[in-house]
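**Student:** Okay, here's the structure, questions in a sec.
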Amino acid sequence: MNLLRSELFKIKSTNLWWILLLCGLPLYAVGVLSTYFVDKSVVTDSPGGVDRVDLAADFYTSGQYFGLFFVMLIGTLTITNEYRHQTATTTFLVSPRRSEVVVAKIGATALFALLWWLVTTVGNLVVGAILLPHAIGTHGLDTGKVWTSIGLNGVAYVVWAIFGLGIGVLVRNQIGATLTSAGIYFVGGFATKLGAGLLGVMVGDWVTYVFMVFPAVATTAMMNPVQQEHFPSQWLGIVIMVAYGLVTAAVGTFILNKRDVS
């Protein structure tokens, strides 16, 4: 618990969190507004051919695209800051059991990710409860499907934060780790989704199961409130993303235990 408090203090006492907050909130607002207008236009164009509860579930998880990247970046910077500011040696001298330090860092990044998820979710709930009945005819908060999507959104935030921490362990240089995280999230995510879509058209929808090994596709499946034909279920996406988090944490712990601090 002392280590956890120490790691939380490291995040809180730097400029990192409020810089990301200032950058993230406008992008979150853009995501919420764009989702609102898209959902509204879908209902307007196809009033009888769309599940409005699905649209509500989509709205209450809006802002996730940039939110997941920011918590991933927090995870990456949590460990690379130690090397950039040369505090890793002091940290491991005070706490020679490095596995405990890794667990504390995982706990701190997970709590920060959950805090980010909580703040954005509360904002979505307030805005959605007011605007969605006028836009799509229902707020959807009386259905389990909506709350399941909201909860799985929180799981996605935690897993991507831990995933980012693992990248920071593998790539100790802060600039290199940040660029790697951005490349995996944006370029890799776009490429895998595009590849899954194109091959799905040419070969068949079953190819989506092959692309489930990539985090972006697994997250999409996990957040999908509807079980579509030939599309992986939410639970498969959950299993894959949780596995990513566990493997990343285990590999990160192993590497830190074996690697020279300097």
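Rule-based calculations on the coordinates, nothing more; no lab input. None of these values were measured; they are calculated from a predicted model. Cβ: placed from backbone, ideal geometry, glycine included. Neighbour counts: every protein chain shown.
**Student:** Given a cut-off of 15 Å, what percent of all Cα-Cα pairs of the stretch 120-229 lie beyond it?
**Tutor:** 73
**Student:** For the chain, what is the charge dipole size about the Cα centre, in debye to the nearest 20, if Lys and Arg each add +1 at the Cβ and Asp and Glu each add -1 at the Cβ?
**Tutor:** Approximately 1040 debye in magnitude.
**Student:** Could you run the Debye sum over the Cα atoms of the chain, one equal point scatterer each and no solvent, and tell me log10 of I(q)/I(0) at q = 0.13, 0.17 Å⁻¹, two decimals?
**Tutor:** Ignoring solvent entirely, the Cα scatterers give -0.86, -1.30.
**Student:** Quick one: 240, 79, fewest Cβ neighbours within 10 Å first, how do they rank?
**Tutor:** The most exposed by this proxy come first: 240, 79.
**Student:** Another question about this same structure. Return the tail of the calculated pair distribution for the stretch 67-164, meaning the percent of Cα-Cα pairs more than 15 Å apart.
**Tutor:** Cα-Cα pairs of the stretch 67-164 separated by over 15 Å account for 67 percent.
**Student:** Fewest to most neighbouring Cβ within 10 Å: what's the order for 105, 258, 193?
**Tutor:** Ordered from fewest to most neighbouring Cβ atoms within 10 Å, 105, 258, 193 come out as 258, 193, 105.
**Student:** Let me ask something else. Which trypsin sites (Lys or Arg not before Pro) does the stretch 65-101 hold that lie in a coil by DSSP with at most 13 other beta carbons within 10 Å?
**Tutor:** 97
**Student:** R0 = 25 Å: FRET efficiency of residue 122 with residue 41, Cβ-based, nearest 0.05?
**Tutor:** For R0 = 25 Å, the calculated efficiency reads 0.45.
**Student:** If the chain between residue 19 and residue 5 were fully stretched, how many nm would it gain, using 0.36 nm times the residue separation less the Cα-Cα distance?
**Tutor:** Additional length available on full extension: 2.9 nm.
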